[in-house]
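To keep things clear, I will list the structure first and then write my remarks on it.
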Amino acid sequence: MLKAIDFGLDDILEGFLRQLDLLDWSTTIAKVEGENLYLNAGKLSGVRIGDTLEIYEPGKEIFHPNTNLSLGWTTGKLKGALRVTDLFGVDAAIGKVVQGSGFSSNDVAKSIVR
């Protein structure tokens, strides 16, 4: 009986993790050192070693004309991609450039649907 429950929980967890992979999320680059890009997100944010993230210029913040509340940010121009090579600290990561150049702090790193 316990084995059946254990298998059932494993299936639920696996399905949940697959759905999390489909969520679109982003973070920013904290620091650039050569080919190393330091991210403001890591293990707590769901980043895993081997993940590939696209890097974009910061977009524009759009505000509602009546309430002046932020509606969010547009996506800027694609600059390239990185592959996560290490996780460190409470919630940070290091990635190596796999494509592109000209990266800078505050560029946006976005998940790629796996």
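What residue among Ser105, Thr75, Ala93 has its Cα farthest toward the positive end of the dipole of the stretch 75-114, where the charges are +1 on Lys, Arg and -1 on Asp, Glu, each on the Cβ?
Thr75
State to the nearest 20 debye the size of the charge dipole of the stretch 19-92 about its Cα centre, where the only charges are +1 on K and R beta carbons and -1 on D and E beta carbons.
100 debye
For the stretch 15-112, restrict the atom set to alpha-carbon positions and state the Rg and Dmax in Å.
In Å, with Rg to one decimal and Dmax whole: 14.3, 45.
Could you give the length gained by full extension between Asn66 and Ile12, i.e. 0.36 nm per residue of separation minus their alpha carbon distance, to one decimal place? Mind showing how you got there, number by number?
Values: separation 54, 0.36 × 54 = 19.44 nm, distance 4.36 nm.
The span from Asn66 to Ile12 would gain 15.1 nm if fully extended.
Work out the FRET efficiency for Ile112 and Val32 from their Cβ-Cβ distance, taking R0 = 25 Å, and round it to the nearest 0.05.
Here the calculated transfer efficiency is 0.80.
With a bin width of 5 angstrom, please list the P(r) values of the stretch 38-93 as percents of all Cα-Cα pairs, from the 0 bin to the one holding the largest distance.
Spelled out bin by bin, the stretch 38-93 gives 5, 17, 19, 14, 17, 14, 8, 5, 1 percent.
Label Asp91 and Ser45 with points 7 Å out from Cα along Cα→Cβ: what is the distance between them in nm?
0.8 nm
Taking 0.36 nm per residue of sequence separation and subtracting the Cα-Cα distance, how much length would be gained by fully extending the chain between Ser105 and Thr75, in nm to one decimal?
9.2 nm
Among 46-59, 24-37, how do they line up by average Cβ neighbours within 10 Å per residue, starting with the highest?
46-59, 24-37
All of the numbers you see were taken from the coordinates with simple rules; none came from a lab. The model shown is predicted, which means the values in this text are computed figures rather than measured ones. Reconstructed Cβ throughout: ideal geometry from the backbone, glycine too, with neighbour counts over all protein chains shown.
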